[in-house]
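The next block holds one structure in the form of structure tokens; read it before the comments.
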Amino acid sequence: MSSILKPDALELLNQEVDKSGLKNKYIAQKLGISEQYMSLIRGGKRKLTADKVIAISRVLGIDYRIFLS
């Protein structure tokens, strides 16, 4: 089964987070997760899922569809 996320979705996510200027701590608080878990997601140590992409996109105020294949 293929992923609905682009192969470079994680790289794109990191670029968008960096561009936003928001800190992992702020994003994590909005998502109800720990700052450490957010760091693990961004570092590729935890799987980036469509649900996570949608939630993070909402916090960033961007269209989640930029991450979809």
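Considering all C-alpha pairs of the chain, those separated by over 15 Å amount to 46%.
Computed from the Cβ-Cβ distance with R0 of 22 Å, the FRET efficiency linking Asp51 to Glu11 stands at 0.70. Of the residues Gln15, Leu68, Ser34, the one whose Cα sits farthest toward the positive end of the charge dipole of the chain, with +1 on the Cβ of Lys and Arg and -1 on the Cβ of Asp and Glu, is Ser34.
Carbon-plus-sulfur fraction of the accessible area of the chain, 1.4 Å probe, in percent? Walk me through the numbers on the way to the answer.
Values: 2370 of 4650 Å².
Looking at the chain in its full context, I get 51 percent from C and S.
Using a probe radius of 1.4 Å on heavy atoms only, what accessible surface per residue do you get for the chain? Whole Å² is fine. Please list the in-between numbers first.
Details: 4650 Å² over 69 residues.
Here the residues of the chain average 67 Å² of exposed surface.
Using 1/(1 + (r/R0)^6) with R0 = 35 angstrom and r between the beta carbons of Ile4 and Leu40, what's the FRET efficiency to the nearest 0.05?
That pair, Ile4 with Leu40, gives E of 0.95.
If a paramagnetic tag sat 7 Å from the Cα of Asp63 along the Cα-Cβ line, which residues of the stretch 1-26 would have the backbone N under 19 Å from that point? From the stretch 1-26, the list is 4-10, 12-17, 19-20. Within the shell of other residues whose beta carbon sits under 12 angstrom from the beta carbon of Asn24, the net charge comes to +2, with Lys and Arg scored +1 and Asp and Glu -1.
The values are calculated or read from the model by the stated rules, or taken from the named source; none is laboratory data. Because the structure is predicted, anything quoted here is derived from the model rather than measured. Quick reminder, even Gly has a Cβ in these numbers, built from the backbone with ideal geometry, and neighbours come from all protein chains shown. Accessible surface is based on the protein model in full, side chains and every heavy atom, while ligands, DNA and RNA are left aside. Shrake-Rupley method; radii C 1.70, N 1.55, O 1.52, S 1.80 Å.
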